[in-house]
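First up is the structure itself, then whatever we jot down about it.
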């Protein structure tokens, strides 16, 4: 049912990890931060089996190097999550899904290094899409993988309204993920409240396409046709965007990139209450 909220608890998280959940809140070795600077990253890591092990290693390395405080991942498979959870820097934070079978066959996952209350809400969807969010102070960082296929614009419109209704309860919000529509598509873009700033439009350089078959030969080979769209984005409300950049734009081997999408990293200033 859309809008249904799931609080995370210890039963979802391996007891071998250095953090546990209590009533939806992360407890453990995650240190509190009074910083108003927040770096976020979003990346659709592509569930395909093509060179999956090599791509997974390279993607996790790139995410670690980004220094992001909160990371949103889409199309996370059990094998990706298993390797992610086995990584030292990952284990020093919290994660929304603590067991590989919790993302079967694939899911959206949120990771962070600041104390947070994480919750998941079902969205109106034919594909089981969900909103995964972390309350941080008076604000929220939230991610979703919106309905795919271009003709699903009406369903994406419903999802956009549902997400913004949830986020409206917070004094500031960072909303990131795979939107599955380009900003130039009027039906969906017209449903995003004017209070949200597109981080790429504010501080990015160039077109910022995240599915770009001219730059990503692996994406071209598997999609079978040219694509040039900016599906993956970061929006901010009552937060100042400082910098935005793409990651994963270079091949990691001949004909192999981390994903068929590029990732997006944004640096922001959020209110002191965070």
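The values are calculated or read from the model by the stated rules, or taken from the named source; none is laboratory data. Keep in mind that this is a model prediction, so the values were computed, not measured. Backbone-built Cβ (ideal geometry, glycine too); neighbour counts: all protein chains shown.
Only a single item in (1) within 24 Å of residue 116 (Cβ to Cβ); (2) out of contact with any strand residue (DSSP E or B) (no Cβ under 8 Å at 6 or more places or on another chain) is not met by residue 79, and it is number (1). Only one of the listed residues (159, 130) is surrounded by 18 or more Cβ atoms within 10 Å (Cβ to Cβ), closer than 24 Å to residue 47 by Cβ and without any contact (Cβ under 8 Å) to a residue 24 or more places away in the chain. That residue is 130.
Flag not set for residue 167, criterion: at negative phi and in contact with a helix residue (DSSP H, G or I) (Cβ under 9 Å, 6 or more places away or on another chain).
Restricting the search to strands (runs of 3 or more DSSP E) fully inside the stretch 5-121 and requiring at least 1 residues that are modelled with pLDDT of 95 or more and at negative phi gives 37-44, 70-76, 107-112. Scanning the stretch 122-155 for residues that are more than 30 Å from residue 227 (Cα to Cα) and assigned to a loop (DSSP other than H, G, I, E, B), which turns out modelled with the highest pLDDT? So, considering only residues that are more than 30 Å from residue 227 (Cα to Cα) and assigned to a loop (DSSP other than H, G, I, E, B), the one modelled with the highest pLDDT is 138.
Conditions tested, residue by residue: (1) over 21 Å from residue 193 (Cβ atoms); (2) surrounded by fewer than 24 Cβ atoms within 10 Å (Cβ to Cβ).
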{"position": "58", "(1), (2)": "yes, yes"}
{"position": "71", "(1), (2)": "yes, no"}
{"position": "75", "(1), (2)": "yes, yes"}
{"position": "85", "(1), (2)": "yes, yes"}
{"position": "94", "(1), (2)": "yes, no"}
{"position": "105", "(1), (2)": "yes, yes"}
{"position": "121", "(1), (2)": "no, yes"}
{"position": "134", "(1), (2)": "no, no"}
{"position": "164", "(1), (2)": "no, yes"}
